[in-house]
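Here the structure is laid out as structure tokens; the discussion comes afterwards.
Quick note: the coordinates plus some simple rules give every number you see, no bench work behind them. Here the structure is a predicted model, which is why all the values come from computation and not from measurement. Cβ: placed from backbone, ideal geometry, glycine included. Neighbour counts: every protein chain shown.
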Amino acid sequence: MSEPTPLEITLFEIELHADAGGWDRPPQLFALVETAELLSREPALAARVGLAPTDVPAGLYTPVEQEALPEGPLDEALGHIMWPDGVVGCALVHEVLALPPQAENDRPALTDPEEYARTHPDRREVRLAVAVLADGASASAIRVRSDAGADDELMFGTDLAPNLTEALLATLR
């Protein structure tokens, strides 16, 4: 197994933060800034954490949680996002219902996909976390909600949510 990238490490930290808040939460959006740049722009923060910008290797990212997204379709909310200078990437944590591939294939053509997923007996609740950088790099993870008392399973992969990855990249253009 290869070493995780700085973006994967950042995504892991973001997902742990989201997991600490529990399930049944709205989407959470994060700006990603280079840690060394942040510390150089915010000397009080650098002093508070006891690090100088030169103490931090290049390519490490600090997530900055954003205000709640507006109600409504996620794609519309993401379509209105514009990031200020200094933001080199972004991440989103979002809970969705997932179906096994066969269930997706069996969905009747005129059935509402959301209603079908909500009522399907094989549905699984998952927390999807995706992070992207302006240069096109991405990382993704899924945490599957387990039955009461069991640990939730966290899986990392490449391109677990291609549409969400593309939508987040579009906010950086």
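Starting from the Cα of residue 163, step 7 Å along the direction of its Cβ; do the same at residue 68; then give the gap between the two resulting points in nm.
Rounded to a tenth, the inter-label distance reads 2.5 nm.
Sort 43-50, 31-38 by the packing proxy (mean of other Cβ within 10 Å over each peptide's residues), most packed first.
31-38, 43-50
Report the full-extension gain for the segment residue 106 to residue 52: residue separation times 0.36 nm, less the Cα-Cα distance, to one decimal in nm.
Fully extending the segment from residue 106 to residue 52 adds 13.8 nm.
Between residue 173 and residue 45, how high is the FRET efficiency from 1/(1 + (r/R0)^6) when r is the Cβ-Cβ distance and R₀ = 30 Å? Nearest 0.05.
Efficiency at R0 = 30 Å is approximately 0.55.
Got a sec? Charge dipole of the chain, +1 on Cβ for Lys and Arg, -1 for Asp and Glu; which of 170, 47, 136 is way out at the positive end?
47
Please give the direction-averaged projected area of the C-alpha convex hull for the chain, in square nanometres with one decimal. Don't jump to the answer; show the numbers that get you there.
Working: hull surface 49.7 nm².
Result: 12.4 nm².
Lys and Arg at +1, Asp and Glu at -1: add these up for the other residues within a Cβ distance under 14 Å of residue 47 and post the number.
For residues surrounding residue 47, the net value is 0.
Read phi for every residue in segment 6-16 and hand back ³J(HN,Hα) as whole Hz from Karplus 6.51 cos²θ - 1.76 cosθ + 1.60, θ = phi - 60°, with x for Gly and Pro.
x, 5, 5, 5, 4, 4, 4, 5, 5, 5, 4
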